[in-house]
1. Using per-residue counts of other Cβ atoms within 10 Å, averaged over each peptide, order 24-30, 68-74, 96-102 from highest down.
2. Measure nothing fancy, just the Cα-based angle from helix 58-76's long axis to the longest principal axis of the chain, in degrees from 0 to 90, nearest 10.
3. Using the Cα atoms of the stretch 31-103 to build a convex hull, what is its mean projected area in square nanometres?
4. Select from 53, 17, 114 the residue whose mean-square fluctuation is largest in a Gaussian network model of the chain (Cα-Cα springs shorter than 10 Å).
5. Cα axis of helix 32-50 to longest principal axis of the chain: angle in degrees, 0 to 90, nearest 10?
6. For helix 104-129, report the angle its Cα long axis makes with the longest principal axis of the Cα atoms of the chain; keep it between 0 and 90° and round to the nearest 10°.
């Protein structure tokens, strides 16, 4: 049990920090809620991938990860941006956005970013937690 908590906290901190750095490089700033959301999404993607076969196509893993992030972004966006008026991000200028909190363009970006998360997660677990060495089936 203690090992699982250490594993979760370690991965949570790594993912939140990495995403925050990416966002700061892209937008010039971030928000603490983005740290939390990105860390939760990345940990969930990692947990999802722990429970599927190595034969599950990598492209489908990326699509599942992108969907998971989009759902997380929608839930947090509706609560923080729409209901609480925190305006953490705004996609209202993007075509086909939904309430300004999600849009297909960023959902595609999340699918691509999920691929990075999957590989990083697998190798972190391999190097630091003695999990199986990663192997992938592209399609």
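1. Packing proxy ranking, top to bottom: 68-74, 96-102, 24-30.
2. 40
3. 5.3
4. Checking each option, the largest mean-square fluctuation is seen for 53.
5. With rounding to tens, the tilt is 40 degrees.
6. The answer is roughly 30 degrees.
Computed from the coordinates by the stated procedures, all read-outs in this text should not be read as laboratory data. In this text, all values refer to a predicted model and were calculated from it rather than measured experimentally. So basically every Cβ, Gly included, is an ideal-geometry build from the backbone, and we count neighbours across all protein chains shown.
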